[in-house]
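The values are calculated or read from the model by the stated rules, or taken from the named source; none is laboratory data. All figures in this text were calculated on a predicted structure; none of them were measured in a lab. Virtual Cβ from ideal backbone geometry, glycine too; neighbours counted across all protein chains shown.
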Amino acid sequence: MLISLNMGKLDNGRPVTVKEVKEIVVDAAETILKGVEEIFKERDQKLDEHGLKLDEQGLKLEKIEAEITFIKRDIRDIKAELSDTVSRGEFNTLKTKVESITP
């Protein structure tokens, strides 16, 4: 099967074979894939600069998530320190003492 193409280097007036067309398409596809790969590499570098990471779940803000975890832990600890309510363990200990004293 012969196909006629009107492309610069192939425009010599002769029909182009399917094999030549396949080679052209493969070369074009490889060039496009290399370009897309470069785009992804650049994107990954930019994300790394900002402490961001792209994984299976999507964009993950690692640094910010770590900081939020520390802040949440600090808030929980401060609440515990300022709380008037005793912990369950302290309550059970006191309850046991009271029950042992009262009939």
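I need the full set of residues from region 17-30 which are assigned to a helix (DSSP H, G or I) and surrounded by 10 or more Cβ atoms within 10 Å (Cβ to Cβ), in order please. Residues satisfying the conditions are Val18, Glu20, Val21, Lys22, Glu23, Ile24, Val25, Val26, Asp27, Ala28, Ala29, Glu30. Considering only residues that are at pLDDT below 85 and either charged (D, E, K, R) or surrounded by 10 or more Cβ atoms within 10 Å (Cβ to Cβ) (or both), which ones fall in region 79-103? Those that are at pLDDT below 85 and either charged (D, E, K, R) or surrounded by 10 or more Cβ atoms within 10 Å (Cβ to Cβ) (or both): Lys79, Ala80, Glu81, Asp84, Val86, Ser87.
Pairing each residue of region 76-103 that is among the hydrophobic types (A, V, I, L, M, F, W, C) with any residue that is loosely packed, with under 10 Cβ neighbours inside 10 Å, provided the two are 6+ apart or on different chains, yields C-beta distances under 9 Å for Phe91/Thr85.
A count restricted to region 1-59 and to residues that are small (Gly, Ala, Ser) and modelled with pLDDT under 65 stands at 3.
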